[in-house]
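Take a look at the structure set out below.
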Amino acid sequence: MEYPYFFCNRTPVAATFFLLALLPTLSSGAETDKAPAPMAMYFDDSQMVEVATRAPKPMTQVAENVAIITREEIENMHAQNLGEVLSRLPGVFVINTSPDFNGGGKVFIQGSREEHVLVLIDGVRLNSAMAGNAEVNQLPLRIIERIEVIKGPASSTWGSSQGGVINILTKKTGTSIKPTATVSGSFGERQVAEYEADLAGKVGKVGYYLYAGQQDSNGLLNDRYYDSGRVYGKVAVDLPRSSTLTLTGNASDPHYITTDVTVGSSSWPPDFREDIYDRTYFLTANYDTPITDSLHLNLGARQYERTFINNQIILPSTLLGTPEDLFYKARWHEKSKGINAHLSWQDDWQQISLGGEMNRSEMGTTTDFGPWIQSFPMPAQDISKPGYEETWGLYFNDTMSFGKLALTPGLRFDHHSISESMVSPSLGATYKLREDTLLRAIAARGFQYPILSYVTGGGIWSNTPNPTLKPEIVTSWQMGVENRSLPYVSLKLNAFLHQIKDVWGVDWSTGTWGNIGKSQHQGFEFEAATTPWHNLSLVANTTYTLIKPDNNENEANDTTSAANLIFRYQDQQGWRGELAGQYVWWDRYHVTGLGQYGQNENLVWSASLGRTVYSSEWISCDLYAKVHNLFNGAQDNSVWYPIPDRWVLAGMKLTF
């Protein structure tokens, strides 16, 4: 797919920014709709954001390129996993392995790799020490109250987070002795099913929120399979002096078969089936207290543990090895513990945040090799040397308001037990040009610490670890404008430039990761949203990323692009409907198939419709249905993981 080389010239983008800034003048006489636009939150001082500085502050003072997803938006999507939700954001790309009812899900932001995106829930870092990325699809959507996403490096606040941060805020505990509850069930083709229930209330000074859910599928395509049980709980205890102690816990146990990988090669590797078990749990404790009217203290502790089992069996179609023999079975186990302290101070014109955190991770692997691999020769079993890492960081940021202008300087120091220490500065600004036009800009330096398995080894890739692997370092500039001066329409444009040095690359002859050169990611995101008209509204966005590598392989420039088009309907009688189309074109890094381009350029559509069919003082009932891949489109990034054709899901939710 070819695009004009306009962004490197910069002139059209600068002109677009200029025209958006002039829109208030060009349309100041136009009559505007009183109904708020879907992107109205970007102009609302009451909309508070935590992810930018770790302390809630108005959206109008957030210089970072931030996106917000609310609980209501998630519920109206009738999505099955978090990847499906995140993929609708401009600049955010998701690969589901497999792209089925559910499975593994990896997130990329503005041309990053999956390990560059930091994912948080209840203060717990979900990124794996063994792989670097976070499998987002195993989190139940029902427990989410709000998602905040920073696109671009956020190291001056969060440390190692070169590509961005996804901050998942869970639902609050109940507030009354009379509990509230929801029970729901969804059923679809190929025995797809999802059952969920949650309960919230308060007894004395103790509030609670409890959730349990189950997802099952025999696979919508090929020999896929998915089964997962999930539980989550939160307890909040009111303490003297308006203090609160909050405890949370989560456990999930997904088991899924991704697909049958048929290479058809007589050299390497055999055809195989990938059977995965991925068990995780985490616990958190947070103490929150106001010291004075202006000074606030938060203390937290967390523990996270994960066991990942990748079992691969040779298929009958193979040209190598013996069918039904073990290819290999890798058992990874990791656990991490951390503590953090945060102090915030605020007055009429300034908000200061400072704090620190410490984290310790350890990882070990045991790999059983089948007869075919042992013939190389390889041992029947390999037990890796355990890997350990400790990190700690100190951060400071300040938000100063000067009327229409807000400045946000930030600075963080990070220490790593294996790699070098890092200093991450940032400087951001927002300027309210008019009540309907907001400008944002930020310059930042960020980094990504080496993945623990790269420097200590482990599993099938344990042959040559590299303890001298250096962090990747990024220098980033972003600028954006939001405008809602046109009648019925809100607009948002953001441009970015990320320059990365000490880029990681792998030597496939040894399996060693090393620093191989530089890279540059540049592009833009554009969003438009209308106010409701006769209960109808439209949201559209597009993203373009140009990737310019500069390493020893002298690779050519590459692109990633995407577009979303969403029509929504919602009336006062309880009807809610949606027609959503998505297009994605992947860069070469994300296309798999041993040189075979599996991706297709189709626009893939889904449609959903729901209604509240009964409502009283003590119970309400909602019915809904969703059709996935309405026109049997193909949107594949791999020859082995095609998306299924049209399939239907229907469900019911009872709220008490």
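The values are calculated or read from the model by the stated rules, or taken from the named source; none is laboratory data. In this text, all values refer to a predicted model and were calculated from it rather than measured experimentally. Methodologically, a virtual Cβ is constructed for each residue, glycine included, from the backbone with ideal geometry; neighbour enumeration extends over all protein chains shown.
Evaluate the range 377-399: report whether one residue or more is under 30 Å from residue 320 (Cα atoms), out of contact with any Gly (no Cβ under 9 Å at 6 or more places or on another chain) and in a helix (DSSP H, G or I). Scanning the range 377-399 turns up no residue that is under 30 Å from residue 320 (Cα atoms), out of contact with any Gly (no Cβ under 9 Å at 6 or more places or on another chain) and in a helix (DSSP H, G or I).
Which one is nearest to residue 342 (Cα to Cα), of the residues in the range 111-139 that are assigned to a loop (DSSP other than H, G, I, E, B) and free of Cβ contacts under 8 Å to residues at least 40 places away in the same chain?
Residues of the range 111-139 assigned to a loop (DSSP other than H, G, I, E, B): 111-113, 122-123, 126-135, 139.
Add one more test, that the residue is free of Cβ contacts under 8 Å to residues at least 40 places away in the same chain, and what stays is 127, 133-134.
On the way: 127: 21, 133: 25, 134: 24 Å.
Ranking the candidates gives 127 first.
Within the range 57-68, identify whether any single residue is over 29 Å from residue 275 (Cα atoms), acidic (Asp, Glu), modelled with pLDDT of 90 or more and not in a helix (DSSP H, G or I), and answer yes or no. Looking for residues that are over 29 Å from residue 275 (Cα atoms), acidic (Asp, Glu), modelled with pLDDT of 90 or more and not in a helix (DSSP H, G or I), one finds at least one in the range 57-68, hence yes. Mind counting the residues in the range 392-418 that are closer than 25 Å to residue 366 by Cα and surrounded by 14 or more Cβ atoms within 10 Å (Cβ to Cβ)? So the count comes out to 1. Cβ-Cβ contacts under 6 Å between residues 6 or more apart (or on different chains), taken from a first residue in the range 168-181 that is of a type in the set (A, V, I, L, M) to a second residue that is part of a loop (DSSP other than H, G, I, E, B), are listed as 181/656. When residue 226 is tested against (1) within 22 Å of residue 332 (Cα to Cα); (2) touching a Ser or Thr at 6+ places or on another chain (Cβ under 7 Å); (3) of a type outside the set (Asp, Glu); (4) not in a strand (DSSP E or B), only condition (4) is not met.
Scanning the range 437-463 for residues that are outside any strand (DSSP E or B), surrounded by 18 or more Cβ atoms within 10 Å (Cβ to Cβ) and either among the aliphatic types (A, V, I, L, M) or at pLDDT below 90 (or both) returns 451, 452, 453, 454, 455, 456, 457, 458, 459, 460, 461, 462. Just one of the numbered conditions (1) acidic (Asp, Glu); (2) surrounded by fewer than 17 Cβ atoms within 10 Å (Cβ to Cβ); (3) outside any loop (DSSP other than H, G, I, E, B); (4) more than 31 Å from the chain's Cα centre (by Cα) is not true of residue 293: (3).
Here residue 178 meets the list (1) loosely packed, with under 15 Cβ neighbours inside 10 Å; (2) in a strand (DSSP E or B); (3) at pLDDT below 95 almost entirely, failing just condition (2). The condition of being at pLDDT below 90, under 26 Å from the mean Cα position of the chain (by Cα) and either closer than 21 Å to residue 93 by Cα or not charged (D, E, K, R) (or both) holds for only one of 600, 564, 554, that being 600.
One residue stands out in the range 256-294 among those that are out of contact with any Ser or Thr (no Cβ under 9 Å at 6 or more places or on another chain) and of a type in the set (A, V, I, L, M): the one that is nearest to residue 317 (Cα to Cα), namely 261.
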